[in-house]
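Working notes, structure below.
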Amino acid sequence: ELHAAGRVSAVLAVGGSGGSSIAARAVRDLPIGLPKLIVSTMASGEVSPYVGAKDVTLMYSVVDVAGLNRVSRVILGNAAAAAAGMAAAHRERRADEGDRPLVGATMFGVTTPAVDAARERLRELGYEVLVFHATGAGGRAMEGLAGSGLLAGVLDLTTTELADDLVGGVLSAGPDRLTAAGRHGVPQVVAPGALDMVNFGPRDTVPDRFAGRELYAHNPAVTLMRTTPEEMAELGRRIATKLSGATGPAELFVPLKGVSALDAEGMPFHDPEADRACFAALAAFPATVRLDLHVNDPEFGRAMADRLHELIGERR
């Protein structure tokens, strides 16, 4: 209520485990960009329950927050100064912000050229584009923003987190991925970007049950596993089902020549049979555009951007 009335420039909270939980719940529904700082005795451990998918800043209290002493005075003084500084910057930023509508887009390293092309086209059309790295947390953040009313549209080109959720990879965004825009009526264009891969850590962390599967060392910290035709078919069914339940305009774009940089002809994950299984299942969603392009062809990203612009215009 205070935020809606324009009376909040920042939120500062102090607490132990219980107080931090209450503070985290209190700021969860505030918009991204509004400063949120929690001084917590829990900030040096597992903090995802407090941060979630929002831009919450945590400061470790070092000592207990009960009472004041030489250490806590310094910590709390720094926290107050940080909150005040962020509040001042937030007010100044709001005064400088334009009214360009916001579009959320999802990207992975293996879909970067596509998203770059789409982003450039959307900027030409007058939008500001927020790009989310599809690492689980990124997908959850975009889902949260889609439900906040801040997004004019969603360009969900990289739905790879669904593959991790299905197969058991480390970058799942949970079963609710690809539902927020549809639930809230936000116009969306969607593609099966990077559905050819499931993410794991270093090679020796890949579960034994996947012995014999096709693996690719993306870098020393990331190992990718190619999805099978059966998994791709199920992913196609899930996407079609989720989009069919959308309350707003939604359109699906299918790149017939590959869904990621590793799925191009001559690359390690090139598997036309697996892709066809996915594309056949996606056909259950009627508003589907099939393009004889690779996902990273600039024409593909621009086509998605142009269609999203049309869908947004139809909603106005």
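The values are calculated or read from the model by the stated rules, or taken from the named source; none is laboratory data. As the structure is a computational prediction, the values presented were derived from the model and not from experiment. With ideal geometry, Cβ positions are generated from the backbone for all residues, glycine too; neighbour counts draw on all protein chains shown. Heavy atoms of the whole protein, side chains included, go into the accessibility calculation; ligands, DNA and RNA do not. Shrake-Rupley method; radii C 1.70, N 1.55, O 1.52, S 1.80 Å.
Laid out as a table, the results:
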{"item": "Apportionment of accessible area to carbon and sulfur, the range 130-179, percent (1.4 Å)", "result": "58"}
{"item": "Table column - 3J(HN,Hα) (Hz), the range 39-48, Karplus curve with 6.51, -1.76, 1.60, x for Gly and Pro", "result": "8, 9, 6, 9, 6, 9, x, 6, 10, 4"}
{"item": "Residue among Val289, Gly16, Thr228 farthest towards the positive dipole end of the chain, charges placed on Cβ", "result": "Gly16"}
{"item": "Of Ala274, Ser244, His218, farthest towards positive along the dipole that unit charges on Lys, Arg, Asp, Glu beta carbons give the range 177-316", "result": "Ser244"}
{"item": "Gyration tensor (Cα) of the range 168-266, equivalent ellipsoid semi-axes in angstrom", "result": "28, 15, 12"}
{"item": "Cut-off under 5 Å, modelled amide H: who pairs with Phe132 long-range", "result": "Ala105, Thr106, Met107"}
{"item": "Which labelled figure in (i) 21.1; (ii) 22.5; (iii) 20.2 is Kirkwood radius over Cα pairs in Å, once derived from the coordinates", "result": "(i)"}
{"item": "Cα gyration tensor shape of the range 255-316, rounded if a/c is under 1.5, else prolate or oblate by comparing a/b with b/c", "result": "oblate"}
{"item": "For the chain: relative contact order, % (alpha-carbon pairs under 8 angstrom, 6 or more apart)", "result": "15"}
{"item": "Cβ-placed point charges (K, R +1; D, E -1), dipole of the range 1-56 about Cα centre in debye, nearest 20", "result": "60"}
{"item": "Accessible area (Å², per residue) of the chain, counting only protein heavy atoms and a probe of 1.4 Å", "result": "46"}
{"item": "Nonlocal amide H pairs with Val39, under 5 Å, H built at 1.01 Å", "result": "Ala13, Val14, Gly15, Met59"}
{"item": "The range 1-148 - percent relative contact order, Cα under 8 Å, separation 6 or more", "result": "21"}
{"item": "Accessible-area value, Glu234, 1.4 Å probe, nucleic acids and ligands omitted, Å²", "result": "50"}
{"item": "Candidate residues Ser172, Ser260: accessible-area rank, largest first, probe 1.4 Å", "result": "Ser172, Ser260"}
{"item": "The range 209-305, relative contact order in percent, only Cα pairs under 8 angstrom and at least six apart counted", "result": "32"}
{"item": "Protein-only accessible surface order, largest first, of Tyr216, Tyr127 at 1.4 Å", "result": "Tyr216, Tyr127"}
{"item": "Contour minus Cα-Cα distance for Glu214 and Asp64 (0.36 nm per residue)", "result": "49.0 nm"}
{"item": "Protein-only accessible surface order, largest first, of Glu120, Glu143 at 1.4 Å", "result": "Glu120, Glu143"}
